[in-house]
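Taking it in order: structure first as structure tokens, then the write-up.
The values are calculated or read from the model by the stated rules, or taken from the named source; none is laboratory data. These numbers come from a predicted model, not from an experiment. Note that we place each Cβ from the backbone using ideal geometry, even for glycine, and neighbour counts take in every protein chain shown.
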Amino acid sequence: MGVSRRVLVAGAVGALVVPPVPSGRTIVSCAEWGARPPVEPPAVVGRRPTRVLVHHTATENAADRSVAHAHRLARFFQDVHIGRDWGDTGQHFTITRGAHVLEGRHGSLAALRAGDHLVEGAHCPGQNRTSIGVENEGTYTAELPPDEQWDALVWLCATVCRQYGIPPSEIHGHRDHYADTVCPGDALHARLPALRAEVALR
Ligand SMILES: [Zn+2]
């Protein structure tokens, strides 16, 4: 029955549908991608987050899908965000076009594993103590993420929703909560209903 329902939904969302997540997908920790220490340890919010906010990085739609590129990108954003006085990487997690999933802000991965708290983010004013921020490498105003990146996004959202008890209906776009941005881009924003549906199936 699960299979037939999945096929039905797969037909509805077309080419973006991906097979079940392969076992072994992991989140690359700050230590693994070579983060530097945060300027100050991110504040701990002692309750569960209630929402996931999807972002795009508004950087180039890079062809490089390698691990080395993913680690460089993570270090790049940490530097940029510390330069903005955010103390550390702003978002909790980052997904590259090569489908590498990386911890952003220090403490985000341990918090997710515990499932009972979050670290205060710096990804959306007014949402940083209630929402998990997920950055997707690329610019998705007109283009869509590659299938493998989409699959990683579904997997990460499903993992976050399960660990924290967040309903998939609470997966939103950055711009749904902040007027002064087009993030995560028109194309990706239009796919959020499909994202919620796929996460619900997981
Ligand atoms: Zn954003």
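With a cut-off of at least 1 residues that are at pLDDT below 95, name the helices (runs of 4 or more DSSP H) lying wholly within the stretch 1-106.
2-13
Looking for whichever is among the acidic types (Asp, Glu), more than 14 Å from the chain's Cα centre (by Cα) and not in a helix (DSSP H, G or I) here; the options are 143, 135, 198. Which one fits?
Among 143, 135, 198, only 143 is among the acidic types (Asp, Glu), more than 14 Å from the chain's Cα centre (by Cα) and not in a helix (DSSP H, G or I).
Can you say whether residue 120 is within 16 Å of the ligand (Cβ to nearest atom) and either at pLDDT 95 or above or hydrophobic (A, V, I, L, M, F, W, C) (or both), as far as the supplied structure shows?
no
Among the residues of the stretch 45-63 satisfying the criterion of being exposed (fewer than 13 other Cβ atoms within 10 Å of the Cβ) and either within 16 Å of the ligand (Cβ to nearest atom) or of a type outside the set (Gly, Ala, Ser) (or both), which is nearest to residue 193 (Cα to Cα)?
60
How many residues are within 12 Å of the ligand (Cβ to nearest atom), touching a helix residue (DSSP H, G or I) at 6+ places or on another chain (Cβ under 7 Å) and more than 12 Å from residue 93 (Cα to Cα) when one looks only at the stretch 124-143?
Summing the residues that are within 12 Å of the ligand (Cβ to nearest atom), touching a helix residue (DSSP H, G or I) at 6+ places or on another chain (Cβ under 7 Å) and more than 12 Å from residue 93 (Cα to Cα) in the stretch 124-143 gives 2.
Out of curiosity, is residue 115 surrounded by fewer than 16 Cβ atoms within 10 Å (Cβ to Cβ) and in contact (Cβ under 8 Å) with a residue 60 or more places away in the chain?
So residue 115 fits the description; yes.
Quick check: anything in the stretch 164-181 in a loop (DSSP other than H, G, I, E, B), modelled with pLDDT of 95 or more, surrounded by 16 or more Cβ atoms within 10 Å (Cβ to Cβ) and within 15 Å of the chain's Cα centre (by Cα)?
Looking for residues that are in a loop (DSSP other than H, G, I, E, B), modelled with pLDDT of 95 or more, surrounded by 16 or more Cβ atoms within 10 Å (Cβ to Cβ) and within 15 Å of the chain's Cα centre (by Cα), one finds at least one in the stretch 164-181, hence yes.
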